[in-house]
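Asks: Have a look at this one.
The values are calculated or read from the model by the stated rules, or taken from the named source; none is laboratory data. What you see is a predicted model; the values in this text were computed from it and never measured. Counting neighbours? That spans all protein chains shown, and the Cβs are built from the backbone with ideal geometry, glycine included.
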Amino acid sequence: METSDIPTVTLSEAKTLISCLAHKQSILLLSAPGVGKSDIVRQAADEAKLECRSLLGTQIAPEDVSGIPRIVGERSVFCPPRILLPEKPKAFCLFLDELPACSPDIQKAFYSLLLERRLGEHKLPKGTWVVAAGNRAEDRSLVRTMSAALVNRVLILQVKVDVHEWVAWAYNAKIRNDVISYILFNPMALQREIPALPIPFSTPRAWASLAQSLDLVEAQGKLTPKLVETMAYGCVSAEDAAMYAAFMKFNTDKYVIMKVMNDASKLPSRSKTHAVERSGILQSIHNLVANELLDQKFMEIDGVKIRAWFTPEKVCNFLKNLNSEERVMMLLGCVKKWGNLGADEVIIDEYNRLIGTLL
């Protein structure tokens, strides 16, 4: 069976299974890089009021698992490290990160830990969770072949990215609105295919990192379109970096938006040459409507309200000038708000068109 044919779980579903099973069943989360596996394990542990102790599989030796021997009387006794076996017998969450990247010797050292919750003659405290995570073989990450014995000792969950879950998390984590708006408008950008070359590519972690970088520079009052573009290309896939930079550019250039909304023919063409510019403007308008910043009569530019005159007729003409895919994306999550701007006619037509395709 291909990996793509195996049922997947979202991060929230994975967290539920961890909370229910990890005290008895060792769990291995597999996914592409940057999805948020580590965070969800720590969240589950926090909610269960368990200390989360992490062990990075690529940075340990077999003796870091089995322990170092010492002589006690006439016998040798293996002393497991404190991170795996605390001195106080209190339940905790043991998180084995990058387990598939471990060498065969280290994988073998984990056998009794994963199956029997035991390190040599020492047992883990009752109620301790054992959760592992790693990337898949097809992800071009540092992944070794897992032995059949290891695979047979864990419950393997294939984790997928869910846009709605990420957006909910992003709002709660106060990720900047323009990043969230871009992902809502272009959901495929949240997780891109891993490139063959070692270059940046879009993942949930990469977008969060970009948002943090932009916030830090903006806090110093030094954020410019050029720096936005530079940082975007340094964090996410090139196609997303170009479109996001264009989105940011036109998101601040409200004169362009006002011109397009008043005369739909001013919108850049769909040609390859103008695709990024067109997408940026559309994303900016969607963001303004979603945040109720587009008024029928006035638009605020640089703190000054100027007349915009977005009449229902002009709003409808603008939406009608888009192709069906663009129109659906513009209406996504904003149907009522577009209706408040006078787009009822287009909304009804689009509804009837979509219903017609289903019949």
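Asks: Would you confirm, using the coordinates I've provided, whether Ala208 is closer than 16 Å to Pro33 by Cα and at pLDDT 90 or above?
Replies: Working: closer than 16 Å to Pro33 by Cα: yes; at pLDDT 90 or above: yes.
It is true that Ala208 is closer than 16 Å to Pro33 by Cα and at pLDDT 90 or above.
Asks: Scan the stretch 114-125 and tell me whether some residue there is at pLDDT below 85, more than 21 Å from Arg42 (Cα to Cα) and surrounded by 20 or more Cβ atoms within 10 Å (Cβ to Cβ).
Replies: Yes.
Asks: Criterion first (part of a loop (DSSP other than H, G, I, E, B), of a type in the set (A, V, I, L, M), at pLDDT 75 or above and farther than 29 Å from Leu210 by Cβ) does Leu85 satisfy it?
Replies: Details: part of a loop (DSSP other than H, G, I, E, B): yes; of a type in the set (A, V, I, L, M): yes; at pLDDT 75 or above: no; farther than 29 Å from Leu210 by Cβ: yes.
No, not satisfied.
Asks: Name the one entry in Asp215, Asp162 that is touching a residue at least 24 places away in the same chain (Cβ under 8 Å), more than 17 Å from Ala245 (Cα to Cα) and of a type in the set (D, E, K, R).
Replies: Numbers: Asp215 fails: more than 17 Å from Ala245 (Cα to Cα).
Among Asp215, Asp162, only Asp162 is touching a residue at least 24 places away in the same chain (Cβ under 8 Å), more than 17 Å from Ala245 (Cα to Cα) and of a type in the set (D, E, K, R).
Asks: Among the residues of the stretch 6-15, is any modelled with pLDDT under 65 and β-branched (Val, Ile, Thr)? Walk me through it before giving the result.
Replies: From the stretch 6-15, those modelled with pLDDT under 65 are none; that's our starting set.
Within the stretch 6-15, not a single residue is modelled with pLDDT under 65 and β-branched (Val, Ile, Thr).
Asks: Of all residues in the stretch 314-345, how many are of a type outside the set (S, T, N, Q) and not in a helix (DSSP H, G or I)? If you could, list the steps in order and put the result at the bottom.
Replies: First, pick out the residues of the stretch 314-345 that are of a type outside the set (S, T, N, Q): 314-316, 318-320, 322, 325-339, 341-345.
From what's left, not in a helix (DSSP H, G or I): 322, 332-334, 341-343.
Of the residues in that region, 7 qualify.
Asks: Can you pull out every residue in the stretch 335-356 that is of a type in the set (D, E, K, R), surrounded by fewer than 16 Cβ atoms within 10 Å (Cβ to Cβ) and within 32 Å of the chain's Cα centre (by Cα)? Show your work before the answer.
Replies: Keep residues of the stretch 335-356 that are of a type in the set (D, E, K, R), which gives 336-337, 344-345, 349-350, 353.
Of the ones still in play, those that are also surrounded by fewer than 16 Cβ atoms within 10 Å (Cβ to Cβ) are 336, 344-345, 349, 353.
Passing the criteria: only Lys336.
Asks: Tell me, yes or no, whether the stretch 292-309 has at least one residue that is assigned by TED's automatic domain parsing to the domain that holds Phe185, closer than 17 Å to Met258 by Cβ and at pLDDT 85 or above. Give the steps one after another, and end with the answer.
Replies: Filtering the stretch 292-309 down to residues assigned by TED's automatic domain parsing to the domain that holds Phe185 leaves 292-309.
Retained after the next criterion (residues that are closer than 17 Å to Met258 by Cβ): 292-309.
Checking the rest, the ones that are also at pLDDT 85 or above come to none.
Looking through the stretch 292-309, none of the residues is assigned by TED's automatic domain parsing to the domain that holds Phe185, closer than 17 Å to Met258 by Cβ and at pLDDT 85 or above.
Asks: Do you know which of the residues in the stretch 177-194 that are in contact with a helix residue (DSSP H, G or I) (Cβ under 9 Å, 6 or more places away or on another chain) and in a loop (DSSP other than H, G, I, E, B) is nearest to Ile285 (Cα to Cα)?
Replies: Asn186
Listed here are the residues, each with its yes/no results for (1) within 20 Å of Cys102 (Cα to Cα); (2) surrounded by fewer than 16 Cβ atoms within 10 Å (Cβ to Cβ); (3) touching a residue at least 60 places away in the same chain (Cβ under 8 Å); (4) β-branched (Val, Ile, Thr).
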{"site": "Leu28", "(1), (2), (3), (4)": "yes, no, yes, no"}
{"site": "Pro33", "(1), (2), (3), (4)": "yes, no, yes, no"}
{"site": "Lys49", "(1), (2), (3), (4)": "no, yes, no, no"}
{"site": "Leu56", "(1), (2), (3), (4)": "yes, yes, no, no"}
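Asks: Restricting to the stretch 205-243, and then to whatever is charged (D, E, K, R) and assigned to a helix (DSSP H, G or I), can you tell me which residue is surrounded by the fewest Cβ atoms within 10 Å (Cβ to Cβ)?
Replies: Step one: filter the stretch 205-243 for residues charged (D, E, K, R), giving 205, 215, 218, 222, 226, 229, 239-240.
Checking the rest, the ones that are also assigned to a helix (DSSP H, G or I) come to 205, 215, 218, 226, 229, 239-240.
Working: Arg205: 16, Asp215: 14, Glu218: 13, Lys226: 9, Glu229: 17, Glu239: 15, Asp240: 26.
Checking each candidate, the answer is Lys226.
Asks: Here is a list: Val151, Val131. Which entry is crowded, with 19+ Cβ neighbours inside 10 Å, assigned by TED's automatic domain parsing to the domain that holds Phe95 and either in contact with an Asp or Glu (Cβ under 9 Å, 6 or more places away or on another chain) or β-branched (Val, Ile, Thr) (or both)? Write out each step before concluding.
Replies: Numbers: Val151 fails: crowded, with 19+ Cβ neighbours inside 10 Å.
None of the other options fit; the residue is Val131.
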